[in-house]
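Here's the structure we're looking at; comments come further down.
The values are calculated or read from the model by the stated rules, or taken from the named source; none is laboratory data. Values in this document were obtained by computation on a predicted structure and should not be read as measured data. Positions of Cβ are generated from backbone atoms using ideal geometry, with glycine treated the same way; all protein chains shown enter the neighbour counts. With ligands, DNA and RNA removed, areas are computed over all heavy atoms of the protein, side chains included. Shrake-Rupley method; radii C 1.70, N 1.55, O 1.52, S 1.80 Å.
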Amino acid sequence: MIESQQHTIYINSNHPGAFREFTLALSELLNDASLPLYDHIIIMCIGTDRSTGDSLGPLVGYKLNNLKYRNVHVLGTLDQPVHAKNLEENLQYVKMTYSNPLIIAIDACLGRTDHIGYVTVSRKPIKPGAGVNKDLPEVGDISITGIVNFSGFMDFVVLQNTRLSIVMKMTDLITSGLKYVLWKQCNHTIAPYSLVKRKDFIF
C-alpha cells in the first residue's frame, strides 16, 4: 500500500509490495531533474542505539557500512552514531570533505497511529529531534523516515518503549531497497563502482 501526501510518499512496510514501491520512489527522486549535479552520495543515518524507537538510523547505517562504491559514504552506525550532540559537527565534516554532496538523510519519527510501520520517502530535508523538542538543523536533499510509534504525548517515553520488531522491519526494507537502487544506478554509469547523476538515466 502506498500513499502520497504533499510530495511525501508513504509506504506500508507490512505490505507485500513494499520493496517495489520503496525502490521506485527512491529511484525517481535520485534521478529527478531538479536535483543538483552531485559527485558524492552521503547516507546520513541519524539516531541513537540508546533508545529503541530512535535506533532505526544507526541500524540502517550498520547494515550499509560495507558498501563498496567509491563515492557513496555512510555516516551514522551503531558504533559511531550521528545524533543530537554531533549532528552539526557531522554536517560540517561533509561540507569540508566532499565536493557537491547529495545527502540522503535517514531517521526515525513519530506520526499518526495508523501510519506506524510506514516508511516515507521525500524530496525535502528532515528536522531531526522535532518530535522531542530539540532544535537541530534540517538535513538532507532526500529524506527517508520510519514511523516507529505515535506522537502527541510524552514522545520521549514513547520512543523508549517502541517495539524493536517494528523498527527492524523498516530497517530491513530501507537497507535492502537502498542497496538495490544503488546497484542499479551503478550498473548504468560509465565508471565502475562509482555513482554519478545522469539526466538520461532510466530504471
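Can you tell me how many residues within the range 74-83 are open to solvent by 40 Å² or more (accessible area, probe 1.4 Å) and either touching a Ser or Thr at 6+ places or on another chain (Cβ under 9 Å) or closer than 20 Å to Trp183 by Cβ (or both)? Of the residues in that region, 2 qualify.
Considering every residue within the range 39-49, establish whether at least one is within 20 Å of Leu164 (Cα to Cα) and surrounded by fewer than 18 Cβ atoms within 10 Å (Cβ to Cβ). Yes: the range 39-49 contains one or more residues that are within 20 Å of Leu164 (Cα to Cα) and surrounded by fewer than 18 Cβ atoms within 10 Å (Cβ to Cβ). Look at Gly146 and say whether it is under 22 Å from Leu29 (Cα atoms) and surrounded by 17 or more Cβ atoms within 10 Å (Cβ to Cβ). Answer is yes for this residue. Of the residues that sit in the range 113-131 and are open to solvent by 40 Å² or more (accessible area, probe 1.4 Å) and over 24 Å from Gly177 (Cβ atoms), which one is modelled with the highest pLDDT? Going through the qualifying residues, I end up with Thr113.
Quick one: in the range 7-38, which of the residues that are farther than 28 Å from Leu78 by Cβ and among the aliphatic types (A, V, I, L, M) is most open to solvent (accessible area, probe 1.4 Å)?
Filtering the range 7-38 for residues that are farther than 28 Å from Leu78 by Cβ and among the aliphatic types (A, V, I, L, M), the one most open to solvent (accessible area, probe 1.4 Å) comes out as Leu37.
Between residues in the range 177-188 that are among the basic types (Lys, Arg) and residues that are surrounded by fewer than 14 Cβ atoms within 10 Å (Cβ to Cβ), which pairs lie under 7 Å by C-beta distance while being six or more apart or on different chains? Matching pairs, first to second residue: Lys184/Phe203.
Condition (residue is over 23 Å from Tyr180 (Cβ atoms), crowded, with 17+ Cβ neighbours inside 10 Å, touching a Pro at 6+ places or on another chain (Cβ under 8 Å) and at pLDDT 95 or above) applied to the range 61-69: is it met by at least one residue? Scanning the range 61-69, I find no residue that is over 23 Å from Tyr180 (Cβ atoms), crowded, with 17+ Cβ neighbours inside 10 Å, touching a Pro at 6+ places or on another chain (Cβ under 8 Å) and at pLDDT 95 or above, so the answer is no.
Does Leu110 fit the bill of being surrounded by 14 or more Cβ atoms within 10 Å (Cβ to Cβ) and touching an Asp or Glu at 6+ places or on another chain (Cβ under 7 Å)?
Values: surrounded by 14 or more Cβ atoms within 10 Å (Cβ to Cβ): yes; touching an Asp or Glu at 6+ places or on another chain (Cβ under 7 Å): yes.
Yes.
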